[in-house]
Structures are given as structure tokens and as C-alpha cells.
Amino acid sequence: MQVGTRGSSLAMVQTKNIITSLSKITDEETNITVIKTTGDKIKDSQLYNMDVKGIFTKELDRAVLEEEVDFAVHSLKDLPSELNDELEIVAVPPRESPHDVLVSPYKWDELPEGATLGTSSLRREAFCRYHQKNVDIQPIRGNIDTRIKKITSGEYQATLMAEAGLRRLGLSEHIQQRFPLDYITPAAGQGALAVVARNDSSKKDILKALNHKDSYQEIMAEKKVLEVLGVGCQWPLGVCARAQGDELELQTILLTKEGELISKHSMRGPINQAEDIGLEIARRMGEDC
């Protein structure tokens, strides 16, 4: 089998983890094809200024569609809310932590006034303003290692990152603080991976064995909110579902760029009604907008 992935250290680690899991399911060897995406080529712009859906995924999806690779591994939060009709998410492996974390020599409540905080996420920027942090927010691009170096060198005093990426790369020692999900609500799909294949792929049954039911249901609820509201990284939207036994809790928050609250909702329900829960939350949020 051939798998397509981005070439970043995080993407490679994620894909190698998938290959390890596959090796326990099938004797078939899986080889990696590295594919450069539009998002990898653009280094000098805020992500939310790029009006491009699937900026980190469309080249990978094209490779799957054209059968250059059998499947692709994506960070789920990079996926556009609507996939090409010939593609499907065949599996969501066990989700890593969805939390945002602080990388800084300072605790969150001890950040000096006017400290330079680097982020290229509109959501994280809005949450800093929502919590009335008196910091100087500046763009920060680059892979996880690059961003950490910008903190340790003193170029920036702080940045907010996804805990999942740091954990997958073995860089947890750089985490100063983990934020509760209701304090800084993550982006939909954060911490989760998507295994994407063609609808008619002969490998689908093998790949489906990678699916983790609870993680899949969490993602279906979160993606439904994005799909109905029709927003991507151009909006400061936090969406996070957590499975708790047979139940699912979904919490959402929508802010303005200036950090003012537009809508905040949470809802619990049966886990097998994940998409219905997402639909209802999106309806309530739509009424607030």
C-alpha cells in the first residue's frame, strides 16, 4: 500500500504511527509518499488571511483521487468541512489530547504586560482578547520545532499550541500549562487524525480497522457544526466533543476577532446521535449570529 502525507516532522510521525497500527492488521507493506501542499509553500502569511479551503490537504486528496496513493493521513483540523464526493474519512484512529497549551517561560497569569505572544490562529488570538490578556500578539509561522525555538531564544515570550503535536513529537517538556477545554476551546478536530481513501478503494476494509469509535463520533459532531455554520479558520470558533461512556458532550464558542462573545453552547446526548447533537448546537449558534 502507498500512503500520502505532508513532509513535516509531525506529519511523518503521525503517518508512521498509522503504519505501525496497520502492520498489526495486515501483512501488506505500507510505503510513504511525501506530498508538498500549498500551505507548506506559503511561509509569510497569517493562515486566516488565506482564502483557500483545504490549504494543507487538497494536493494529498488529488493524489488519492488519481490513485497515486491508496490513502492519505491528515490532521483532522486541516480538513475542509466537505470532502470531495469520491473521497471519505474511512477511519479516525484514537484521538490524542484536544487541549491547547501554553509554551512560555511564564505561567499564563504571570505573563508580563505587553509580552510578545506569537500565534497565527485567529481563534487563539480572539481567546487572548476574550480573557483580556494585555499582550502584544504577533504572527508566528513555522513547524513546531521552529516555534519552540522562537520562545526559548526570547524572540517571543509565549505561544499557544496544540498539546497533541507536542506529545506526538516527544516535546511535552516545553508545555508550561494546559488550558481547560472550556477556557480555551480547541478547533474542531484538534488532536485527531483522518485516514482518507476513495469510496471505491479495495483497501477500505483494512483501513476501517484503524477506526476508534468514540474518536470518530466526537469528530462527526464537531464537523457537523462546521458544515452547518459554514466557517473555517476565518472565524474564531472553538468546537470540542468528548465521549463519556455512552454519552457525548459537545461545547462550542464563537467570538469576534476582538474577543467579544457571539455565541456559547454546550449539550449532552447519546453518543450514537453525535451528528444530531452537532446539528442542534449549530442551529442554536446560527440563531445567535
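Quick one: count up the residues across region 244-262 that are more than 17 Å from the chain's Cα centre (by Cα) and in a strand (DSSP E or B).
Qualifying residue count, region 244-262: 7.
If I filter region 153-168 for residues that are more than 16 Å from the chain's Cα centre (by Cα) and assigned to a helix (DSSP H, G or I), do I get at least one hit?
no
How about region 187-203: which of its residues are open to solvent by 30 Å² or more (accessible area, probe 1.4 Å) and outside any loop (DSSP other than H, G, I, E, B)?
Passing the criteria: only 198.
In region 226-243, which residues are in a helix (DSSP H, G or I) and modelled with pLDDT of 95 or more?
Within region 226-243, no residue meets the criteria.
Provide a single number: the residues in region 259-289 that are touching a helix residue (DSSP H, G or I) at 6+ places or on another chain (Cβ under 6 Å), farther than 19 Å from residue 215 by Cβ and open to solvent by 80 Å² or more (accessible area, probe 1.4 Å).
Result for region 259-289: 1.
Consider region 56-111. How many of its residues are buried (at least 20 other Cβ atoms within 10 Å of the Cβ), basic (Lys, Arg) and at pLDDT 95 or above?
Count: 1.
Kindly state which strands (runs of 3 or more DSSP E) lie completely within region 59-145 and contain at least 1 residues that are within 19 Å of the chain's Cα centre (by Cα).
71-75, 87-91, 100-103, 116-118
Within region 170-187, does at least one residue satisfy the condition of being of a type in the set (Ser, Thr, Tyr), out of contact with any Ser or Thr (no Cβ under 6 Å at 6 or more places or on another chain) and under 17 Å from residue 93 (Cβ atoms)?
No, that holds for no residue.
Any residue in region 1-22 that's closer than 14 Å to residue 96 by Cβ: show its pairings with residues that are small (Gly, Ala, Ser) at Cβ separation under 6 Å, as long as the two are six or more apart or on different chains.
Sorted first by the residue in region 1-22, then by its partner, the pairs are 10/165.
So, in region 269-289, how many residues would count as being in a strand (DSSP E or B) and touching a residue at least 24 places away in the same chain (Cβ under 8 Å)?
Counting residues in region 269-289 that are in a strand (DSSP E or B) and touching a residue at least 24 places away in the same chain (Cβ under 8 Å) gives 1.
Output the residue which, of all residues in region 1-28 that are part of a loop (DSSP other than H, G, I, E, B) and touching a Lys or Arg at 6+ places or on another chain (Cβ under 7 Å), is nearest to residue 212 (Cα to Cα).
Ranking the candidates gives 1 first.
The values are calculated or read from the model by the stated rules, or taken from the named source; none is laboratory data. Being a predicted model, the structure only gives us computed values, none of them experimental. Positions of Cβ are generated from backbone atoms using ideal geometry, with glycine treated the same way; all protein chains shown enter the neighbour counts. Only protein heavy atoms, including side chains, enter the accessible area calculation; ligands, DNA and RNA are left aside. Shrake-Rupley method; radii C 1.70, N 1.55, O 1.52, S 1.80 Å.
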